[in-house]
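K.L.:
First the structure, then my questions, so here it is.
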Amino acid sequence: MSAAGCSALWLAFVLLLALALALALALSPPLAKAGGFSCSPGARPVVFNFGDSNSDTGGIAAAKGRHIALPEGRAFFHHPTGRFCDGRLIIDFLCESLNISYLSPYLKVLGSNYSNGVNFAIGGSKTLPRDVLFALHVQVQEFLFFKDRSLELINQGQETPIDAEGFQNALYTIDIGQNDINALLSNLPYDQVVAKFPPILAEIKYAVQILYDNGSRNFWIHGTGALGCLPQKLSIPRKNYSYLDQNGCLKTYNRAAVAFNAALGSLCDQLNVELKNATVVYTDLFAIKYDLVASHTKYGELIKVW
């Protein structure tokens with residue numbers, strides 16, 4: 001994800017995203033108003049997030065001691081927060097809609113608040129290889145450690161930020177795959193890139209299955225965005241502009257993103273059938289993010305920075 005998002009941009013984005021989520025959940029069992037997941041009356045919402053820089057609220061800074069300087073954080077927090085954004089991320093708006101605190105990174109030692117969940121996302125993360133820091137599989141293992149330790153302390157009569165009911169009723173969000181696809185596109189032609197999607201999807205499925213086997217029941221899975229519109233990719237020198245579409249985005253990268261999202265959406269449909277008493281909501285972010293570029297004049301002058 002580029003470092004140039006702005007709060008106004010993301011607010012428009014999240015409003016569109018919330019609408020898409022509401023439509024996707026229309027036929028689901030009774031759900032909490034804002035989060036899209038079942039919650040016992042009076043229980044506070046809990047969110048556990050897994051992913052890359054699109055939802056990293058400071059994990060990479062905490063894990064690697066990386067100093068992320070201004071302009072990151074200037075638009076909303078008015079100081080760097082470890083996010084690769086100068087405003088808020090989708091996960092921040094989700095927390096606001098649930099009236100809970102922003103998610104603290106799992107590895108942030110000081111100042112963390114885990115009463116409403118934990119963020120395991122780390123900037124730069126991929127699904128493969130499985131056992132490298134901080135792959136999706138490792139993030140899920142971190143969650144299992146956090147949960148097991150919490151339940152162990154509860155059994156000892158101690159208080160913990162999240163109880164057993166909180167783990168069961170929580171929303172589990174996954175937003176990953178962008179870095180896997182980008183790495184493949186940097187080295188392989190389109191057809192070979194698409195052929196390598198199944199192992200990536202298998203890792204996402206495996207993560208959901210492991211979480212499900214450990215009691216998780218509510219999942220919100222994000223597709224990838226318009227990869228061909230990322231400034232990171234557009235800044236690479238090229239001999240000509242035949243690779244670009246009418247909005248100045250890389251056609252091959254966007255084709256790959258669309259193909260990946262279609263496969264991920266099918267996987268979520270499959271999981272909804274296979275996982276009994278679970279809700280798996282898939283949100284395709286491509287059209288939403290691409291519209292921010294294609295129709296930037298609708299969202300104000302600041303959209304041009306993105």
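K.L.:
Once you keep just the Cα pairs under 8 angstrom separated by 6 or more residues, what percentage relative contact order results for region 177-305?
P.N.:
Reported as a whole number, the value is 32 percent.
K.L.:
Taking the dipole about the Cα centre of region 177-305, with the C-beta of Lys and Arg at +1 and of Asp and Glu at -1, give me whichever of Leu201, Asn187, Asn247 is farthest to the positive side.
P.N.:
Asn247
K.L.:
What does the charge count around Gly82 come to, taking other residues whose C-beta lies under 11 Å from its C-beta (Lys +1, Arg +1, Asp -1, Glu -1)?
P.N.:
+2
K.L.:
May I pose another question? Given the peptides 200-213, 239-252, arrange them by the average over their residues of other C-beta atoms within 10 Å, most packed first.
P.N.:
Descending mean neighbour count gives 200-213, 239-252.
K.L.:
While we're here: How would you order 86-95, 269-278 from highest to lowest mean count of nearby Cβ atoms within 10 Å?
P.N.:
Top of the packing list down: 86-95, 269-278.
K.L.:
Kindly rank 185-194, 253-262 from highest to lowest mean number of other beta carbons found within 10 Å of each residue.
P.N.:
Working: 185-194: 13.6, 253-262: 20.2.
Ranked from most to least packed, the peptides come out as 253-262, 185-194.
K.L.:
To the nearest 20 debye, what is the magnitude of the charge dipole of region 58-215 about its Cα centre, counting +1 on the Cβ of each Lys and Arg and -1 on the Cβ of each Asp and Glu?
P.N.:
460
K.L.:
Please report the net charge: other residues with Cβ closer than 13 Å to the Cβ of Phe48, K and R +1, D and E -1.
P.N.:
Local net charge: 0.
K.L.:
Ignoring ligands, DNA and RNA, what accessible area per residue does region 177-305 give at 1.4 Å, in Å²?
P.N.:
Values: 6090 Å² over 129 residues.
Value returned for region 177-305: 47 Å² of accessible area per residue.
K.L.:
Let me ask something else. Averaging sequence separations of C-alpha pairs under 8 Å and six or more residues apart, then dividing by the length of region 147-229, give the relative contact order as a whole percent.
P.N.:
On the way: 55 pairs, mean separation 37.0, N = 83.
It rounds to 45 percent for region 147-229.
K.L.:
Stretch Asn272-Ser186 to full length: gain in nm at 0.36 nm per residue minus the Cα-Cα span?
P.N.:
Extra length available between Asn272 and Ser186 comes to 27.6 nm.
K.L.:
Here's another thing I want to ask about it. Taking K and R as +1 and D and E as -1, what net charge do the other residues with C-beta under 13 Å from the C-beta of Lys196 add up to?
P.N.:
For residues surrounding Lys196, the net value is -2.
K.L.:
Where the accessible area of region 42-173 is counted over protein heavy atoms with a 1.4 Å probe, how much of it, in %, is carbon and sulfur?
P.N.:
For region 42-173, the apolar C and S fraction of the accessible surface comes to 52 percent.
K.L.:
Report the one residue of Leu136, Ser112, Pro80 whose Cα lies farthest in the direction of the positive end of the charge dipole of region 42-173 (charges on C-beta: Lys and Arg +1, Asp and Glu -1; origin at the Cα centre).
P.N.:
Pro80
K.L.:
Now for a different question. From the Cα gyration tensor of region 111-238, with a ≥ b ≥ c the square roots of its eigenvalues, which class applies: rounded if a/c is under 1.5, or else prolate if a/b is larger than b/c, or else oblate?
P.N.:
Prolate.
K.L.:
Using 0.36 nm per residue, how much length does the chain from Ala262 to Asp148 gain when fully extended, once their Cα-Cα distance is taken away?
P.N.:
Length gained between Ala262 and Asp148: 37.6 nm.
The values are calculated or read from the model by the stated rules, or taken from the named source; none is laboratory data. These numbers come from a predicted model, not from an experiment. Cβ: placed from backbone, ideal geometry, glycine included. Neighbour counts: every protein chain shown. The accessibility values were calculated without ligands, DNA or RNA, using every heavy atom of the protein model including side chains. Shrake-Rupley method; radii C 1.70, N 1.55, O 1.52, S 1.80 Å.
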